[in-house]
Amino acid sequence: MSSSVPDAAAGGLESAGETGNEPRIIVLTAPSGSGKTSIARRLLAAIPALSFSVSATTRPPRVGEEDGRDYHFLSAEAFRKEVADGGLIEFEEVYPGRFYGTLKRTVDAATRASPTLLDIDVVGAARVKELFGPEALTVFVMPPSIAVLEERLRNRGSETEDTLRTRLDRAAMELSAADQFDTVIVNDHLETAAEETIARVKSFLASTP
């Protein structure tokens, strides 16, 4: 699948702020290996009303991953169709030939009483903030350093030297964009970072934009 995937149709997005349902979107973003998925799990456990938006991807599932739970695993053709039909609110070729995106249907029901949590890449998070403005809280999870990030990625045991270098090169770009987001959480200690994130999210959900 090339990077010439058609532009996401924006027509279906504009209604999000016109329903009167006060959308509330929580976005966790970070370079791969920063721990945002672990923080997302703790956030979901701490705030039962929060629902998780499962991303779509063209990459194949890893061992132990399940379609519809970890990702919506789509073929290149199915992903293109979602793009053409306006079914994605954002998408990005995160790594060569590997597209990720957020299905519009997973955030359509997001309200103050039933907010939605997105765990997505940095470019996608910026797009969601652009679309939803003050109705979205973007939280950037930052590793203590690139060296720590590299260690975490190596410890996964799923990276080759080539894929590791690709991830670290992208991470450097993503870290430079941290100040574009509403909140930056340094994940030096997972439990502390999770507590800080939970407190920030609860404050956001209790506030009025």
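Any read-out appearing in this document is the output of simple, stated calculations on the displayed coordinates, not a laboratory observation. Quick caveat, the model's predicted, so the values are computed rather than measured.
Over the chain, with a Gaussian network built from C-alpha contacts below 10 Å, which listed residue (Thr163, Thr57, Thr192) shows the highest mean-square fluctuation?
Thr163
If the chain between Ile146 and Phe52 were fully stretched, how many nm would it gain, using 0.36 nm times the residue separation less the Cα-Cα distance?
Length difference between fully extended and current span is 31.0 nm.
Once you've got the GNM for the chain with C-alpha springs shorter than 10 Å, pick whichever of Lys81, Lys129, Lys104 has the biggest mean-square fluctuation.
Lys81
Say we join alpha carbon atoms closer than 10 Å with springs in a Gaussian network model of the chain; which of Gly97, Gly86, Gly35 then has the biggest fluctuation?
Comparing Gly97, Gly86, Gly35 in a Gaussian network model of the chain, the most mobile one is Gly97.
Can you say what percent of the DSSP beta bridges in region 22-206, counting only those with both residues inside, are antiparallel? Round to 5.
30
How many percent of all Cα-Cα pairs in region 59-143 sit more than 22 Å apart?
29
Indicate the helices, whole DSSP H runs only, in the chain that combine a mean Kyte-Doolittle hydropathy of 0.0 or more with a Cα extent along their long axis of 20 angstrom or more.
Span-like helices here: 190-206.
What is the count of Lys pairs in the chain whose alpha carbons sit under 23 Å apart, if the two are 8 or more places apart or on different chains?
Eligible lysine pairs with Cα atoms under 23 Å apart amount to 6.
Hey, any idea what the orientation-averaged projected area of the convex hull of the chain's Cα atoms comes to, in nm²?
Computed as one quarter of the Cα hull surface, the answer is 11.1 nm².
With an 8 Å Cα cut-off and a minimum separation of 6 or more residues, compute the relative contact order for the chain in percent.
31
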